[in-house]
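Please read the structure below before turning to the comments.
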Protein chains: 2
Amino acid sequence: MSNPSSPRAVTRADVARYAGVSTSVVSYVVHDGPRPVASATAARVRDAIRVLGYRPNASAQALRTGSSKMLGFVVPELDNPFWSEVADAVGHAAGARGYDVLMSSSHGDAALERDRMRSVSARQVDGLIVASVMTRPDLSTLVDPGLPMVLLNTFFEVPEFASTGVDALRGAHEGTTHLVSHGYRSIGLVIGHAGSDMDLREQGWQNALRDGGVQDGPIVRTDFSRAGGYAAGLRMFGAPNRPRAVFVSSDMQAVGVLRALYELGLSVPSDVAIVSFDGTAEADFTNPQLSTVRQPVAAMAAAAVDRVLSQEADGQWHRDLVPAELVLGASCGCDVRR
Amino acid sequence: MSNPSSPRAVTRADVARYAGVSTSVVSYVVHDGPRPVASATAARVRDAIRVLGYRPNASAQALRTGSSKMLGFVVPELDNPFWSEVADAVGHAAGARGYDVLMSSSHGDAALERDRMRSVSARQVDGLIVASVMTRPDLSTLVDPGLPMVLLNTFFEVPEFASTGVDALRGAHEGTTHLVSHGYRSIGLVIGHAGSDMDLREQGWQNALRDGGVQDGPIVRTDFSRAGGYAAGLRMFGAPNRPRAVFVSSDMQAVGVLRALYELGLSVPSDVAIVSFDGTAEADFTNPQLSTVRQPVAAMAAAAVDRVLSQEADGQWHRDLVPAELVLGASCGCDVRR
DNA sequence: CTGAAAGCGCTTACAG
DNA sequence: CTGAAAGCGCTTACAG
């Protein structure tokens, strides 16, 4: 497919010829081993590399060594701010360790996710990081035996698979407890669709209410999107017995709730107080600024990369649980500048 | 680096052995050519492939054929909503044509961008799509001769390089003219830092004012970010002679301007009307919804992918100019629902 | 219709 | 310290 008239790329043989050495020596210089090279010879080789603009052919290296120095990252949607922050963080963490990242979007579809995992793994990636769209990933058929794999941002421990995720139970508890501490006695929940198990964010909300001696507020289940939050907001706050506050399971949904409240003519936080979950950059710039339970995206990504690069495929598995942190804006009713 | 105890991946030789044919025949079946295979034989091979779970080693294929079926995409920042929408679109467009995408962030740094381009190109990508951080990319030293390359989202024609970009002059003109048509006679500009040339969005704003018989409004130059827009907003609207309306060069900046106006106690659109540029999903959900000049991101990405895949490295170059479209929200003062 | 063989560009054990 | 050679897994021209 590449242009037939294009000049052939510079190979190790060209460098060897130019420097008057064997091809082995070129490799020894490039990798600084495994055999020693006389410094004068090495200097000649380095010169040739510079002059000719030689860079090793990564495909040949991958074929020969069995390692591509690439990681695969399968993500639900790259155009969702939360996921794009995660993708950026994965790219940073991988880059810091000398790895490039092959990113692939599953568009939130389980079948496509499986497809992308297989296709990425055929590219000889050294590891696979998957933000699965499945709540409890059915991964028995997915895994390429011997390919290190880590699930990123799972809210549950997934037996037999390495996984990294936030402590959502604790985070949701903290966010909801904050609303309780403001004195609100009626606190609703807008929550994304989970699988058969109860979402830990819902569990955390419920626990916090009970711990605070507050009755369960209304629940609206919806998509994890701005549009989903908007629909949920109209439903929850268009009703006569609207709650005084709400905990929302993602920033994107909270942005939709804000729009709904705006249209309904309700003010935040004086009519309705909000705490959401994620801590994206977008939440820092809503009006008013969202109080939100921040997922430590950079730490999660780094943990996932480290885990996948150090993984033993010997049946051991680990769960890296990272802590969430409540970041106060003005939407909860706190007396902050914004 | 891969696990030493991991089972060796299935190769073509395993399939051949299992099916009782030569390795050549396996390839013929996989690719449906170039030599014919008896249907009974082909069926046996397909069976073996299925049973063993064989997938061709992409590194070996890339080495042998010179084509990796991968495209490289170098992007300033993956966690910026506009760029993540572009990245998603590039992924879609490439996937539809059978290509995976190696994404790499330059973090807005020209030196790093060069570095990423070189590293991606060493991976035998079949083409390189670059959203350059340079206003007028100095690419003479960057290009890998023979590697098809396309610049994405350049606002200028870049001689000697294939490029794809939006018709920003026309788009900015249309957005500003819309403000003029609302009757506003004082229309400022918040514009990102460009290079030495005048940004076409600034030019379009200026042309529209002059065409409409309106005096030039104040200009504030700032970063292409929410924080940049916020600072610009405080400066432009905290002053006594604030303009009645403003054209903002990106949605992210407009989000920052909205925050500044919120803090200043000014209402949109009754005190200040806004039209911005980009048309990201985030702009659809600000309060009020931003009126914005939408870049057709999917079309741009598709054009860039098509161009890079069809490129002749024969010295010809093209510019694909895609049209922008004004999407009306409520921030301009239009009487729409939101 | 089928198969043996060359060669893509590397790394590295081995011999000198 | 240096180099000739094997082999990673493929594709495809060539021979049968």
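Of the candidates A:Val336, A:Val268, the single residue that is farther than 26 Å from A:Ala89 by Cα, within 13 Å of chain B (Cβ to nearest Cβ) and at pLDDT 95 or above is A:Val268. Contact map, region B:21-42: residues that are part of a helix (DSSP H, G or I) paired with residues that are among the β-branched types (Val, Ile, Thr) and more than 10 Å from DNA strand D (Cβ to nearest atom), Cβ distance under 7 Å, separation 6+ or inter-chain. Pairs shown: B:Val25/B:Val37; B:Val25/B:Thr41; B:Val25/B:Val45; B:Val26/B:Val45; B:Tyr28/B:Val37; B:Val29/B:Val37; B:Val29/B:Val45; B:Thr41/B:Val21. Against the definition (assigned by TED's automatic domain parsing to the domain that holds A:Ala301, surrounded by fewer than 23 Cβ atoms within 10 Å (Cβ to Cβ) and at pLDDT below 90), how does A:Arg118 come out, yes or no? Yes; evaluated as a whole, the condition is true for this residue. Within the option set A:Ala94, A:Ala42, A:Ala48, being in contact with a Phe, Trp or Tyr (Cβ under 9 Å, 6 or more places away or on another chain) and more than 16 Å from DNA strand D (Cβ to nearest atom) holds for one residue only, A:Ala94. Filter region B:50-62 down to the residues that are in contact (Cβ under 8 Å) with a residue 12 or more places away in the chain and under 38 Å from the mean Cα position of the chain (by Cα) and list them by number. Within region B:50-62, B:Gly53, B:Tyr54, B:Arg55, B:Pro56, B:Asn57, B:Ala62 qualify. Just to be sure before I move on: is A:Ala168 surrounded by 20 or more Cβ atoms within 10 Å (Cβ to Cβ) and either of a type in the set (Phe, Trp, Tyr) or under 17 Å from the mean Cα position of the chain (by Cα) (or both) in the structure I sent? When the stated conditions are applied, A:Ala168 passes them. On inspection, B:His107 qualifies as of a type outside the set (Val, Ile, Thr), more than 20 Å from B:Lys69 (Cβ to Cβ) and within 14 Å of chain A (Cβ to nearest Cβ). Among the criteria (1) touching a residue at least 60 places away in the same chain (Cβ under 8 Å); (2) not in a helix (DSSP H, G or I), the one B:Gly213 does not fulfil is (1).
Report yes if some residue within region A:86-97 is among the acidic types (Asp, Glu) and either out of contact with any strand residue (DSSP E or B) (no Cβ under 7 Å at 6 or more places or on another chain) or in contact (Cβ under 8 Å) with a residue 12 or more places away in the chain (or both); otherwise report no. Explain how you work it out, then say what you get.
Residues of region A:86-97 among the acidic types (Asp, Glu): A:88.
From what is left, the residues that are either out of contact with any strand residue (DSSP E or B) (no Cβ under 7 Å at 6 or more places or on another chain) or in contact (Cβ under 8 Å) with a residue 12 or more places away in the chain (or both) are none.
Scanning region A:86-97 turns up no residue that is among the acidic types (Asp, Glu) and either out of contact with any strand residue (DSSP E or B) (no Cβ under 7 Å at 6 or more places or on another chain) or in contact (Cβ under 8 Å) with a residue 12 or more places away in the chain (or both).
For region B:210-218, the condition holds for at least one residue, the condition being that it is under 31 Å from the mean Cα position of the chain (by Cα), more than 15 Å from B:Leu266 (Cβ to Cβ), surrounded by 19 or more Cβ atoms within 10 Å (Cβ to Cβ) and in the same structural domain as B:Ala273 (by TED's automatic domain parsing). Test A:Leu102 against the stated conditions and say whether it is touching a helix residue (DSSP H, G or I) at 6+ places or on another chain (Cβ under 6 Å) and closer than 24 Å to B:Trp83 by Cα. Yes; evaluated as a whole, the condition is true for this residue.
Listed here are the residues, each with its yes/no results for (1) of a type outside the set (Gly, Ala, Ser); (2) in contact with a strand residue (DSSP E or B) (Cβ under 6 Å, 6 or more places away or on another chain).
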| position | (1), (2) |
| --- | --- |
| A:Thr177 | yes, no |
| A:Val180 | yes, no |
| A:Asp197 | yes, no |
| A:Leu200 | yes, no |
| A:Ala232 | no, yes |
| A:Gly238 | no, no |
| A:Asn241 | yes, no |
| A:Arg244 | yes, no |
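Considering the conditions (1) away from DNA strand C (no atom under 16 Å from the Cβ); (2) outside the structural domain of A:Ala301 (by TED's automatic domain parsing), A:Ala89 is excluded by exactly one of them, (2).
Among what's in region B:4-20 and is within 14 Å of chain A (Cβ to nearest Cβ) and not in a helix (DSSP H, G or I), pick the residue that is farthest from DNA strand C (Cβ to nearest atom). The qualifying residue farthest from DNA strand C (Cβ to nearest atom) is B:Pro7.
Among the residues that make up region B:220-239, is at least one of them of a type outside the set (A, V, I, L, M), in a loop (DSSP other than H, G, I, E, B) and over 23 Å from the mean Cα position of the chain (by Cα)? Working first, answer last.
Taking region B:220-239 as the starting set, the residues that turn out to be of a type outside the set (A, V, I, L, M) are B:221-226, B:228-230, B:233, B:235, B:237-238.
Filter again for in a loop (DSSP other than H, G, I, E, B), leaving B:223-225.
The next check asks that each one be over 23 Å from the mean Cα position of the chain (by Cα); those that pass are none.
No; the residues of region B:220-239 include none that is of a type outside the set (A, V, I, L, M), in a loop (DSSP other than H, G, I, E, B) and over 23 Å from the mean Cα position of the chain (by Cα).
Looking at B:Arg244, B:Arg226, B:Arg235, which is the one that is without any contact (Cβ under 8 Å) to a residue 40 or more places away in the chain and away from every other protein chain (no Cβ under 13 Å)? It is B:Arg235.
The values are calculated or read from the model by the stated rules, or taken from the named source; none is laboratory data. This is a predicted model, so every value here is computed, not measured. Virtual Cβ from ideal backbone geometry, glycine too; neighbours counted across all protein chains shown.
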